[in-house]
């Protein structure tokens with residue numbers, strides 16, 4: 001093929017490939033606020049890998065014989081009083097969640113236990129919004145078996161364009177590296193509109 005045909009054709013193909021890559025797929029836009037109200041938010045299994053750890057917190061994962069993520073191991077290496085303000089080890093909920101959850105009474109549930117070795121005795125959990133309020137840290141005492149730890153919170157609706165919300169855990173106040181094992185994090189809407 002001659003250069004005068006090849007390069008214009010190559011340019012057309014490149015523009016088409018880049019254009020297709022930039023067009024968002026219908027399923028990539030996330031759940032609608034209506035679906036979020038119905039389904040809530042659940043983080044467990046392999047999805048635990050989506051957790052983020054703020055400075056001073058430590059996060060690793062426990063896998064089963066099949067190689068799949070079973071739980072997350074959380075600890076901290078800095079005392080809570082000395083840490084910079086953060087959501088600890090947290091899940092990020094996108095703008096659709098902030099829009100859907102605003103004004104709704106939420107039940108936030110963490111399924112966790114003290115780790116088998118060097119077990120943590122207590123942890124804090126909280127829900128944080130971008131500039132329109134937070135639940136504050138709620139304290140819980142861990143046991144050796146998995147239990148559900150829950151609290152309720154009603155976030156205010158976003159004032160303008162929705163941003164991200166955060167569901168976080170601070171694993172222990174002492175910063176001594178003791179560990180808790182997290183199986184799941186769940187948010188459900190308690191007062192679902194009919």
Which number in (1) touching a strand residue (DSSP E or B) at 6+ places or on another chain (Cβ under 8 Å); (2) surrounded by fewer than 17 Cβ atoms within 10 Å (Cβ to Cβ); (3) modelled with pLDDT under 95 marks the one condition that residue 131 misses?
-> (1)
Does any residue of the stretch 69-81 turn out to be free of Cβ contacts under 8 Å to residues at least 12 places away in the same chain, touching a strand residue (DSSP E or B) at 6+ places or on another chain (Cβ under 9 Å) and assigned to a strand (DSSP E or B)?
-> no
Quick one: in the stretch 156-175, which of the residues that are within 16 Å of the chain's Cα centre (by Cα) and over 25 Å from residue 78 (Cα atoms) is surrounded by the most Cβ atoms within 10 Å (Cβ to Cβ)?
-> 163
If we keep just the residues of the stretch 79-103 that are over 14 Å from the mean Cα position of the chain (by Cα) and surrounded by 15 or more Cβ atoms within 10 Å (Cβ to Cβ), which is nearest to residue 138 (Cα to Cα)?
-> 80
Residues located in the stretch 105-121, provided they are within 24 Å of residue 79 (Cβ to Cβ) and within 20 Å of the chain's Cα centre (by Cα) = 110, 112, 113
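The values are calculated or read from the model by the stated rules, or taken from the named source; none is laboratory data. Given the structure is predicted, the values throughout are model-derived calculations rather than measurements. So basically every Cβ, Gly included, is an ideal-geometry build from the backbone, and we count neighbours across all protein chains shown.
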